[in-house]
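The values are calculated or read from the model by the stated rules, or taken from the named source; none is laboratory data. Computed from a predicted model, the values in this text were never measured in an experiment. With ideal geometry, Cβ positions are generated from the backbone for all residues, glycine too; neighbour counts draw on all protein chains shown.
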Amino acid sequence: MAIAVTTMPTRCLSFQVIFTGAETYDEEDEPNVHGGAMWARMPITALVGDTPLDEWPEPMPVWAAQPWDCSSRDHAVYVLDRATPCPWMAKIDGEMYPAKYMFTVDYTNNEIADDPAQHKQSHVMELLDAGPYTGNIVALPNNRVRVTHPAWFETGEGAPDFRPSQHIHYSKSDLDYTLDVNQVFDNLYAEKDDDKPMTMTQRKAEEAKKRAIAAQMRSESKARRGRTASTTAVGGAKNKEESRQQRLKRERAANMAMVKKDNPMPKRPSATSLANAATPKPTRPAKPQKEPTTAPRPPKVDATAKPMAKKPPRPLRGTVTGKGGRNVGEGRDKRANVTREQLKDSGMTLRQYLNFMDKEGKRPPKKAMGGGMMKSKMKAKGMKAGGKMKTKGYKVGGPLKKAPEGNTGLKKLPKEVRNKMGFAAKGGMMKTKGYSKGGAAGGKKQKVRGAGIARKGVRPAKMR
């Protein structure tokens, strides 16, 4: 059985269902496995009425069971009690079938549901005598159902001659009412006061009454003076049809004037203009030209003007052949006479290729093709027959010699002179600057400015 309904936009109605297991009531040996089980969002096409049938009804397509999908998630469910007792007539696929009304689903709070021109209701019914569809549940809008009630009215046939309202009705749509405070608050607590200003509605009614009295007085005045009384005066009109025809005639004249103003017709030529066009005036003969009495002056000749020299023809563009001179063509058509293949074979750029031709007077040779590098004709600077230059300060034969013992004068000579003589200082090899006898100079630790004590093997950082 269905216990609740869900509405989702662009979908058909779906129901919350509880299974009872009633199919096992007549069978004692068959277990009841479905009793109490639930199913959410069961589509309307899967439901059938609670009417005993010999066979299950044929499933209906969704478009036949519910032609219009749900238009909002917000809805109201109610029962039309006055229309419940008697069967309804439901139009399914072009045919009218009797149906049992159950309830109505009304949608709101949506752009489509709140539009008077698009609003739809879903009347949920069970088809009674619909052939193979008998027993199915359908949801149809107002324009596909008819309510029957023989005790109240006779059911009609055909299409009704009315259409649903396309307007939104609300009290604040009347601007006169909204701006009139006295009328808005005209309730039981409002005191009646003659000096109190009238409401907008009362003022309009009073003005209409005054106009009617004035028209009646004018009509009676004309009658007393022997004139025909006005047939359009309020209270004395006799020929309303004539008044209506006159009003329509005035409206037609105003419309025609507007059309002529927007699309003016061309003016018709007058009779005089047509006559003049038919017989044009004879033209006056031209005066004979007199021969000139004096000879015409020859044109002035500018003695300073020089004849324009013709430009020489533009030379043709030369053809690049890669043979002969450096360039081909002349002027702005001058081009280098070097082909793409020549650049590729030489391994040079166009600028390098032309510089080589300007310097050597011939085209560069093809680059060497092979697995090794080209050997230089000259040895590396400072190299001799595969050997190195000797270290500065050494002679052929080995390191500097120790100074002989007892020769104090040799030690006093300048370093450059002593080294050229082949002797080292103080009887041995030169020590590292600042050190003597394996320690720091003077036996004191040398300090580096801003970097702490200098230790052996540590390079002091340079302060910036």
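Considering only residues that are among the aliphatic types (A, V, I, L, M) and either assigned to a strand (DSSP E or B) or in contact with a Cys (Cβ under 7 Å, 6 or more places away or on another chain) (or both), which ones fall in the range 134-185? Steps first, answer last, please.
Residues of the range 134-185 that are among the aliphatic types (A, V, I, L, M), as a first pass: 137-140, 145, 147, 151, 159, 168, 175, 179, 181, 184.
Listed by number, the residues that qualify are 137, 138, 139, 140, 145, 147.
Does residue 99 fit the bill of being farther than 30 Å from residue 157 by Cβ and in a strand (DSSP E or B)?
When the stated conditions are applied, residue 99 does not pass them.
Here is a list: 161, 93. Which entry is among the charged types (D, E, K, R) and over 30 Å from residue 14 (Cα atoms)?
Numbers: 93 fails: over 30 Å from residue 14 (Cα atoms).
161 is the lone residue from the list that is among the charged types (D, E, K, R) and over 30 Å from residue 14 (Cα atoms).
Could you tell me whether residue 19 is over 30 Å from residue 154 (Cα atoms), of a type outside the set (D, E, K, R) and over 44 Å from the mean Cα position of the chain (by Cα)? Before you say what the answer is, go through the steps one by one.
Working: over 30 Å from residue 154 (Cα atoms): yes; of a type outside the set (D, E, K, R): yes; over 44 Å from the mean Cα position of the chain (by Cα): yes.
For residue 19, the condition - over 30 Å from residue 154 (Cα atoms), of a type outside the set (D, E, K, R) and over 44 Å from the mean Cα position of the chain (by Cα) - is met.
Among the residues of the range 15-67, which ones are touching a helix residue (DSSP H, G or I) at 6+ places or on another chain (Cβ under 7 Å) and among the polar types (S, T, N, Q)?
32, 45, 66
Take residue 408 and tell me if it is of a type in the set (Ser, Thr, Tyr) and at pLDDT below 50. I'd like the intermediate steps shown before the answer.
Working: of a type in the set (Ser, Thr, Tyr): yes; at pLDDT below 50: no.
For residue 408, the condition - of a type in the set (Ser, Thr, Tyr) and at pLDDT below 50 - is not met.
Scan the range 96-107 and report the pairs whose first residue is closer than 8 Å to residue 126 by Cα and whose second residue is of a type in the set (Asp, Glu), with Cβ atoms within less than 6 Å and a gap of 6+ or a chain change.
100/126
Condition (residue is surrounded by 11 or more Cβ atoms within 10 Å (Cβ to Cβ), modelled with pLDDT of 85 or more and not aliphatic (A, V, I, L, M)) applied to the range 153-171: is it met by at least one residue?
yes
Among the residues of the range 98-114, are any surrounded by 13 or more Cβ atoms within 10 Å (Cβ to Cβ) and in contact with a helix residue (DSSP H, G or I) (Cβ under 7 Å, 6 or more places away or on another chain)?
Within the range 98-114, one or more residues are surrounded by 13 or more Cβ atoms within 10 Å (Cβ to Cβ) and in contact with a helix residue (DSSP H, G or I) (Cβ under 7 Å, 6 or more places away or on another chain).
Would a scan of the range 150-170 turn up a residue that is touching a residue at least 12 places away in the same chain (Cβ under 8 Å) and either touching a helix residue (DSSP H, G or I) at 6+ places or on another chain (Cβ under 6 Å) or on the phi > 0 side of the Ramachandran plot (or both)?
Scanning the range 150-170 turns up no residue that is touching a residue at least 12 places away in the same chain (Cβ under 8 Å) and either touching a helix residue (DSSP H, G or I) at 6+ places or on another chain (Cβ under 6 Å) or on the phi > 0 side of the Ramachandran plot (or both).
From 188, 274, 248, which residue is farther than 30 Å from residue 115 by Cβ, in a loop (DSSP other than H, G, I, E, B), at pLDDT 70 or above and of a type outside the set (Val, Ile, Thr)?
From the options 188, 274, 248, the qualifying one is 188.
For the structure I just gave you, tell me whether residue 337 is surrounded by 10 or more Cβ atoms within 10 Å (Cβ to Cβ), of a type in the set (S, T, N, Q), over 30 Å from residue 419 (Cα atoms) and modelled with pLDDT of 80 or more.
Judged against the criteria, residue 337 is a match.
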